[in-house]
1. Would you please give the residues with an amide H less than 5 Å from that of B:Thr47, counting only those at least 5 places away or on a separate chain, with H modeled from the backbone geometry?
2. Find the sum over both chains of the accessible area lost when A and B are paired, probe 1.4 Å, and report it in Å² to the nearest 100.
3. From the convex hull of the Cα coordinates of chain A, what is the mean projected area in square nanometres?
4. Could you tally the net charge around A:Gln45, taking each other residue with its Cβ under 15 Å from the Cβ of A:Gln45, Lys/Arg +1 and Asp/Glu -1?
5. Out of the total accessible area of chain A (probe 1.4 Å, heavy atoms of protein only), what percent is carbon and sulfur?
6. B:Arg22 accessible area, nearest 10 Å², 1.4 Å probe?
7. Can you put B:Glu71, A:Glu42, A:Glu16 in order of accessible area, largest first, using a 1.4 Å probe?
8. Round to the nearest 0.05 the FRET efficiency obtained for A:Tyr39 and B:Glu85 when R0 = 30 Å and r is the Cβ-Cβ distance.
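The values are calculated or read from the model by the stated rules, or taken from the named source; none is laboratory data. Just so you know, these numbers come straight off a predicted model, no measurement behind them. We place every Cβ from the backbone using ideal geometry, glycine too, and count neighbours over all the protein chains shown. For the accessible areas, the whole protein counts, side chains as well, though only heavy atoms, and no ligand, DNA or RNA atoms are used. Shrake-Rupley method; radii C 1.70, N 1.55, O 1.52, S 1.80 Å.
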Amino acid sequence: GNSVTQMEGPVTLSEEAFLTINCTYTATGYPSLFWYVQYPGEGLQLLLKATKADDKGSNKGFEATYRKETTSFHLEKGSVQVSDSAVYFCALSGILIQGAQKLVFGQGTRLTINP
Amino acid sequence: GAGVSQSPRYKVAKRGQDVALRCDPISGHVSLFWYQQALGQGPEFLTYFQNEAQLDKSGLPSDRFFAERPEGSVSTLKIQRTQQEDSAVYLCASSTYRGNNSPLHFGNGTRLTVT
């Protein structure tokens, strides 16, 4: 079945450091891929997405490229800020239910940025 | 409302008690999902509604779990005879129905603790 494997956390970096959070997936067909972020005390929010191979999703300085050949969707940011501290979830769209997404999530990676 | 609202925010139940968790989706959103998030894990799909119709309940872990959305708006997730393994955050998400590109809007969740 479909599954997502994320880099284990927690990850702790200093402000302005380069960030990579690895994500690989197993899926049948051609799923869409997503990164969701959960800030402390808040609900999950969509950070970025890519719907087909070689697409690059980007938002708030974060980027991820849909790599079909390596089944990966690694999240990167060139210079992190304290406000980026959160839990990050990689996800793929699984079986469509009459057109709606059914998401399969990774286990999440907790990121802490120190000033 | 401005976003997906869930209540209560926290619920403590003694083992064997019944609980009811409420979700108010964004007005006009056709699709509604329930997810279960165990501590340190990613969300896992429970069930999906399109308007009042429950189209997929394959993720409900046992027949103690029941969900309804009688008027196609507010949804309730009911857990009967709660067990300790039911302790988790229960997330509700809604979206408009536009096929695979409808973004999901998540609520802040209800944290259920079964003692």
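1. B:Trp34
2. Roughly 1900 Å² of accessible surface disappears when A and B pair.
3. 7.0 nm²
4. In short, 0.
5. 48 percent
6. 100 Å²
7. B:Glu71, A:Glu16, A:Glu42
8. 0.60
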